[in-house]
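Working notes, structure below.
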């Protein structure tokens, strides 16, 4: 008996045995059998009393291993006996594995593995076993070899110590998955039989359509030209879409997601190229983002994949289109003459057949209804294909109960009204996000202008201060405020003398909002007067005193003492200084009030933009939740540019400019 110690770092071995699907590990063991010239490979799963997996066996009728080959294979990672060969010794089939790593995948399934192998040489048979453990990776025990004159060549790998149930190893699941992995190989060598728990691994019954396309040559960084072929197999079963990167013989060396849209198709794609085997030899195959030549090859493959499925989708629609033509509802009268017209026609057919599939009653509709719907679809495709795709996707994905709710809602209102209401909420959410961007971002608030920008934005969005107010005065002198107040009450201001503050000046009011308050005997009115400050200007004592002067000018003017009007003044900026903060924290008053005069019906508040934005979001929260809409930086910036472009700083008007550097918003 001999002990074999593998010469390699432990962490490298562990990486070969973790994070692998059991079916991938079994595939590697099958490849080892096929590389040993096996024509029959049987995978057997033995269950324990609880229905879990107790043992996995992979048995073949291949050449087996000699003692010398076993020592070389298990003593050196990367020192596979197959290194330097391209064909199997007996049947001269293409070799799959040449790096000597496949044997370690057994430990991805269980903790113990044993290779029982018999080979033939000079008319006699040699039999021995190799055993190893996950707990001692790199240490294998080789039994004493026994020589007989009668035997049967081949190898059986037995894996035990299986710690998980592995439901994916049921024959109904595993056999079709193995068919996808070995389909190209079995097509190339049809005499081979692979069985999983007695179920033949046969790709043919599972394949719905197979196509093969040459791809453009790719020139690598060394100037070598590499040809390539794309094979597409469509399956008649649900499968995970995979793009296998294969060597020129079709052996899958690396898998990636296809990265294309192909609704209604279950497929596997294979790219075969000497470039892929070259990168595998350089250990660079998993680094496609860093390999421009491989990226170019994948681009060619994806273009061809999209073209393939566009044609396949159009072919599926052909019969239905023929029916529509016979009914006279198909919107195209003539055959396409140019490449562009053919592509457009194929896209239309795909969209139309999806409408037919997703709307159960469409085919049963009358001729007029179908003709109208298909013409509308054609017009949408020609004029606004991107918007049409989004609308169709959203509408067709509605579950049945939502269809019924939409139909019921449309009996009571119009679709335009529903869209307008949703757009109103969405626009307000975008504006709030945009206002936050303007007032809190470090760079933006430095350049935001008070009068010509911030003021104008808010003058067009007075809902910020409360739904109950409507705009009455925008940036007018206090005298005009009072004159507007009298006109709202139906009275004419005859006194030409201006309403002045205590120091004799005529103040300027930024915004004045008003609302009526229904009362039993008379009409009352409430005014909200807003004093805006740019974000960089704190609400300090000077600002608070200025607002108080406005308020007192109203309070002491004899024209307004007995009009039954309530006046509320807000001073707004990003911050409130410490002195004003102390004034706004008064006993028995809501936080934020610095003056409250019940006799003259005057209240003065100091507010921050954070408080106002939070209050707005709270009001919109219910609608936002049910609308399932979330504004972000990009969408908010686009909204400001589109609607209020003339009121925002020049630095934000550049379409390609992102968020300015600085502190995070909020």
In segment 162-177, residue surrounded by the fewest Cβ atoms within 10 Å (Cβ to Cβ) [restricted to those that are out of contact with any strand residue (DSSP E or B) (no Cβ under 6 Å at 6 or more places or on another chain) and outside any loop (DSSP other than H, G, I, E, B)]: 172
Members of segment 130-161 that are exposed (fewer than 15 other Cβ atoms within 10 Å of the Cβ) and assigned to a helix (DSSP H, G or I): 135, 136
Test: residue in segment 331-339 that is surrounded by 13 or more Cβ atoms within 10 Å (Cβ to Cβ) and under 26 Å from the mean Cα position of the chain (by Cα): no
Residue within segment 273-280 that is closer than 25 Å to residue 208 by Cβ, at pLDDT 80 or above and not assigned by TED's automatic domain parsing to the domain that holds residue 28 present: no
Selection count where residues are touching a strand residue (DSSP E or B) at 6+ places or on another chain (Cβ under 6 Å), under 29 Å from residue 93 (Cα atoms) and touching a residue at least 60 places away in the same chain (Cβ under 8 Å), scope segment 148-161: 7
Lone unmet requirement of (1) loosely packed, with under 15 Cβ neighbours inside 10 Å; (2) more than 15 Å from residue 185 (Cα to Cα) for residue 204: (2)
Residue list for segment 20-50, filter: touching a helix residue (DSSP H, G or I) at 6+ places or on another chain (Cβ under 6 Å), within 14 Å of residue 160 (Cα to Cα) and part of a helix (DSSP H, G or I): 22, 25
Qualifying position, being assigned by TED's automatic domain parsing to the domain that holds residue 524, surrounded by fewer than 17 Cβ atoms within 10 Å (Cβ to Cβ), modelled with pLDDT of 85 or more and more than 22 Å from residue 435 (Cα to Cα), among 599, 578, 558: 578
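The values are calculated or read from the model by the stated rules, or taken from the named source; none is laboratory data. Model, not experiment: these values are computed from the prediction. Counting neighbours? That spans all protein chains shown, and the Cβs are built from the backbone with ideal geometry, glycine included.
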